[in-house]
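The values are calculated or read from the model by the stated rules, or taken from the named source; none is laboratory data. Model, not experiment: these values are computed from the prediction. Every residue, glycine as well, gets a Cβ built from its backbone with ideal geometry; the counts of neighbours run over all protein chains shown. To get the accessible areas, we keep the full protein, side chains included, count just its heavy atoms, and leave off ligands, DNA and RNA. Shrake-Rupley method; radii C 1.70, N 1.55, O 1.52, S 1.80 Å.
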Amino acid sequence: MAWRVGRRAGVLAVLAGLGAGCGDKGGEAETYAWKLPAGFPTPKVPADNPMTEAKVQLGRRLFFDVRLSRNETQSCASCHDPARAFTEPLVTSQGSTGETHRRNSQGLANVAYATSLTWANPSLTTLEAQALVPLFGKEPVELGFGDREEELLARLRAVPALEAEFRSAFPEAVEPVSVATLTRALASFQRSLISGNSPYDRYVYGEEVEAMTRQQKRGMELFFSERLECDHCHSGFNFQDATVHEATFEPILPFHNTGLYNEDGQGTYPAKDPGLIELTGRPEDMGRFRAPSLRNVAVTAPYMHDGSLATLSDVLDHYAAGGHARLANGGEASPLQSGFVRGFTLTAQEKEDVLAFLESLTDTDFLTDPRFSDPFAAP
């Protein structure tokens, strides 16, 4: 399985480069208006895919279009619902053919700042390359166009209005509708999904002293304390350690073992999904996954890479225990888990305070922003 996944990543990287020399430069002269929240740096954008409003609008249309699945039953939004911060309520995702996946769908809020995409793949560092996985991947099947790139492109070219949008977004492209332009448009829309107007943001960056409740402020103090250690992995403006932007000198690609499993007392994770080790082959990478951003975390349940923790209360209990695996191993920690997952004790009131703080990271404007909504939805 590790070989197949690693080989697929290499093939996808090659596919991602298709069209790079085909004149797909559309819109360098246009300056994109980011409208960034206070405290947010400018996202880093690939030189061969500068942001333009035309690409963002095309990407939005494609993101919600079921024609991107071979059987026309799913779109990108089927697993990434705007009202849930572009996640879904399923424990693990289900593809267009009904295949149940092994992992929980990740959120897309502020994905422009992520140094790697998906739960445990350091080779997927751009949204353009990542878009190839759901479109053409076979293990698992998502949208179902594996080895059928031309079939998908023919379908899109057959819609005159859609082809016209491609031509407008990529005016210098030799072939406006291509795998390269498709993935670049999707990536541009996803980069536009900026969330930064939560009560926390208004309190910290907007200096609205009443934006957070007293309980949320108490929870914030606990969250950032050495007692809980939360901010070692959920740090910075995006509450995520794996963050990159225009001013980043050298992006980091951290992955963490949080002690969710320890099947044999040696830290082994279920064979179905052992984490980063699947690609690297390094024993120390057993059970390591990317830490997600905590923005809008209260609306993105269930949690963890496999959706095994149903609520934020369950997540806090997991970390308070020093890793869920300890509960099943007589209090013995996994030898591979992060040193920051040490366990802690909270009173009932303190736990409620921390949960209230996590609620303060919800940006309701983002969840209902018409710019990110389904353009095909009835008014």
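Annotation: lysines with alpha-carbon distance below 26 angstrom to Lys351 (same-chain offsets under eight excluded): Lys217. Sorted largest first by accessible area at a 1.4 angstrom probe radius, with every protein chain in place, the residues Leu90, Leu108 fall in the order Leu90, Leu108. Compactness of the range 199-363, taken as the C-alpha radius of gyration over 2.2 N^0.38 Å, stands at 1.08. Only lysines eight or more places from Lys44 in sequence, or on another chain, were considered; those with a Cα closer than 29 Å are Lys25, Lys35, Lys55. Helical runs assigned H by DSSP (4 residues or longer) give the chain a calculated mean residue ellipticity at 222 nm of -9000 deg cm²/dmol, each run adding -39500 (n - 2.57) before division by the residue total.
Extension gain for the segment Glu151 to Glu210, taken as residue separation times 0.36 nm less the Cα-Cα distance, is 15.8 nm to one decimal.
With a Cα-only, solvent-free Debye model of the chain, what are the log10 I(q)/I(0) values at q = 0.10 Å⁻¹? The Debye formula, applied to the Cα set alone, gives -0.65. Solvent-accessible surface of the chain, averaged per residue with a 1.4 angstrom probe and all protein chains in place: 44 square angstrom.
If the chain linking Glu99 and Ala328 were pulled fully straight, counting 0.36 nm for each residue of separation and taking away their Cα-Cα distance, it would gain 79.4 nm. Under conditions of 20 °C and 1.002 mPa s, the range 298-379 yields 140 µm² s⁻¹ as its translational diffusion coefficient, taking Rh as the Kirkwood radius over Cα pairs in the Stokes-Einstein equation. When you restrict to C-alpha pairs under 8 Å that are six or more residues apart and normalise by the size of the range 53-194, the relative contact order lands at 30 percent. At a temperature of 10 °C and a viscosity of 1.306 mPa s, determine how fast the range 53-194 diffuses translationally according to Stokes-Einstein, using the Kirkwood radius over alpha-carbon pairs as Rh; express D in µm²/s, rounded to the nearest whole number. It comes out at roughly 104 µm²/s. In the complete set of protein chains, residue-level accessible area for Val91 is approximately 80 Å², probe 1.4 angstrom. Lys44 exposes around 100 Å² of accessible area when a 1.4 Å probe is run over every protein chain in place. Just the protein heavy atoms count here, and of the accessible area of the chain at 1.4 Å, carbon and sulfur take up 54 percent. Solvent-accessible area of Trp34, all protein chains in place: 50 Å² (probe radius 1.4 Å, heavy atoms, ligands and nucleic acids excluded).
Placing unit charges on each Cβ (+1 for Lys and Arg, -1 for Asp and Glu) gives the chain a dipole about its Cα centre, and among Thr115, Leu36, Gln216 the Cα reaching farthest toward its positive end belongs to Thr115.
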